[in-house]
Structures are given as structure tokens and as C-alpha cells.
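Below you'll find the structure, written out as C-alpha cells, and then a few comments.
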Amino acid sequence: MASVAFICTANRCRSVMAHAIFVAEAKQRQLAVDVYSAGVFDFRGAPAIHETTATCDVNNTPAPEEVATWVRDLPLRAITRFLVMEQFQADTLINQYGVSPNRVHLLGQFDPHNRGRESEDTFGQSNAVYQESYNLIRDCIVNYLDSMEEVR
């Protein structure tokens, strides 16, 4: 079975939204995909930021109930694709955790509107910034699912 991991800095904002959006889209498309999210820094056990879950709620996308996960706690060898928010996270996965570069991609490369390859951190920003991030992440995920054979 295919698997996808969404990676950001702390697994409290962007990767949580990405996880939620991907699960909802995969369910709608009746795809069987294991979905993970984690941060490259260890914030294990910390809850998602309130604005993250509120943005998911406003968009009728149930946020995952898990608390922050650290990359080291994922089944790294078993994950098919890592989708990261920033190049820093890609470099960390490759150089510190030994993930093959061909399994790591910037989520923004799937943006159909070419708004940039990186998704900026939303932590401490306004609700409008969280909504913009949600929209960007959703567009990227929909385009990813439309274009990737591995998840069909």
C-alpha cells in the first residue's frame, strides 16, 4: 500500500492541515493510502496550534486527533513519499535521517498556481494566513493526487 508523510518543522500547523486534507481527499476518492505527519524538531506530545484546528474546522476538514509526532518516530523506510513544506525539511530528511532523495518532494512543486515551492510557516500568524496556507496546501494535494500513479 502506498504511504505519504507530510513533514514540517514541529507538526503543529502545516503538516497537520496537510494530513487532514489528504485524508479527506483520499476518502472522497476511495484511495487506500497510509498517511503520516511529523516535524523535523521534537515537539512530541504537543497539541496542534488552535488556529490550525480552527482553520480545518472552518473548511469542514476534520483535523487528526493525534498530537505532534517527531520524524524519528515514523516508519521511515516504509513510507513511499515524503512531502515537505520547506527545503530545510527535505535536507533534514535526506542528510540526518537517510531518506532517499527520490522519495522527498516539496509539496509546493504540486501547486497548480505556481505560488512558490515552499509553504511558509504559519505559526504566530493571523487567521487569514492560516486560511491562505490551507488553500495552498489543499491545491497542492489535489494536484498531487490527480497526477501521481503511486496513490491510485
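Starting from the Cα gyration tensor of the chain, take the square roots of the eigenvalues, sort them a ≥ b ≥ c, and report rounded, prolate or oblate (rounded when a/c is under 1.5, otherwise prolate if a/b is larger than b/c, else oblate).
Numbers: a/c = 1.31, a/b = 1.10, b/c = 1.19.
Judged from the Cα gyration tensor, the chain comes out rounded (a/c under 1.5).
Between the C-alpha center of the range 111-143 and that of the range 84-106 there is a gap of 19 Å. Calculated [222 nm] ellipticity per residue, helices only, for the chain: -12000 deg cm²/dmol; basis is -39500 (n - 2.57) per DSSP H run with n ≥ 4, divided by all residues, nearest 500. Taking every protein chain into account, the accessible area of the range 1-133 amounts to 51 square angstrom per residue (probe 1.4 Å). Taking 11 Å as the cut-off, the amide N atoms of the range 17-59 that come nearer than this to a point 7 Å along the Cα-to-beta-carbon line of residue 97 belong to 36-42. Candidates 55, 45, 28 compared by Cα position along the dipole of the range 27-68: farthest toward the positive end lies 28, with charges placed on Cβ. Taking only protein heavy atoms and a 1.4 Å probe, the accessible area of the chain is 47% carbon and sulfur. Between the amide H of residue 99 and those of 94, distances stay under 5 Å, these residues lying 5 or more places away or on another chain, with hydrogens modeled in the peptide plane.
The values are calculated or read from the model by the stated rules, or taken from the named source; none is laboratory data. Computed from a prediction, not measured in an experiment: that's the story for all the values here. With ideal geometry, Cβ positions are generated from the backbone for all residues, glycine too; neighbour counts draw on all protein chains shown. The protein model used for the area step is the full one, side chains on, heavy atoms only, and it has no ligands, DNA or RNA in it. Shrake-Rupley method; radii C 1.70, N 1.55, O 1.52, S 1.80 Å.
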